[in-house]
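Asks: Have a look at this one.
Just so it is clear, none of the values below were taken in a lab; they were calculated from the coordinates. Here the structure is a predicted model, which is why all the values come from computation and not from measurement. Positions of Cβ are backbone-derived with ideal geometry, glycine not excepted, and every protein chain shown enters the neighbour counts.
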Amino acid sequence: MTYTPKDFRNDIIKEIEKGFDPIRIGQAAYDINLELGTKISTDFHNEILGVMVMEAGPEFEMTESELRDYLDRMVDKLKE
């Protein structure tokens, strides 16, 4: 089974629903990225990095609304 951008969006939304914590969400994205390794495209990897970087500091954080929009745009951008 292939892990898709929709799967990533759904997994991150599950994290958001536990309570919006940009650091925890960034760490979750990092864990997903480690698990996927080379099984994903460069474009998909770069979009995941956009979420991972939120744990690097407040200057990289998105609001909940911005993150949800980012995830939706990612899915649209990476349609298969």
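Asks: Give me the net charge for the shell around ARG73: Cβ to Cβ below 12 angstrom, other residues only, Lys and Arg +1, Asp and Glu -1. Provide the component values of the computation, followed by the final result.
Replies: On the way: positive: ARG9, ARG68, LYS77, LYS79; negative: GLU47, GLU66, ASP69, ASP72, ASP76.
Net of charged neighbours comes to -1.
Asks: Is there a quick way to get the dipole size of the stretch 5-77? I mean about its Cα centre, with the Cβ of Lys and Arg at +1 and of Asp and Glu at -1; what is the value in debye to the nearest 20? Please list the in-between numbers first.
Replies: Details: 9 positive and 17 negative charges, 46 e Å.
Computed charge dipole of the stretch 5-77: roughly 220 debye.
Asks: Sticking with this structure for a sec: Find the lysine pairs in the chain meeting two conditions, Cα atoms under 22 Å apart and a separation of 8 or more places or different chains, and report how many there are.
Replies: Lysine pairs meeting the criterion: 9.
Asks: I want to check the label-to-label distance for ASP69 and LEU36. Put each point 7 Å from Cα in the C-beta direction and report it in nm to one decimal.
Replies: Result for the modelled spin labels: 2.2 nm.
Asks: Related question: Taking every pair of distinct Cα atoms and averaging 1/r, then inverting, what Kirkwood hydrodynamic radius in Å comes out for the chain? Numbers along the way, then the final one.
Replies: Numbers: mean 1/r = 0.0802 Å⁻¹.
The answer is 12.5 Å.
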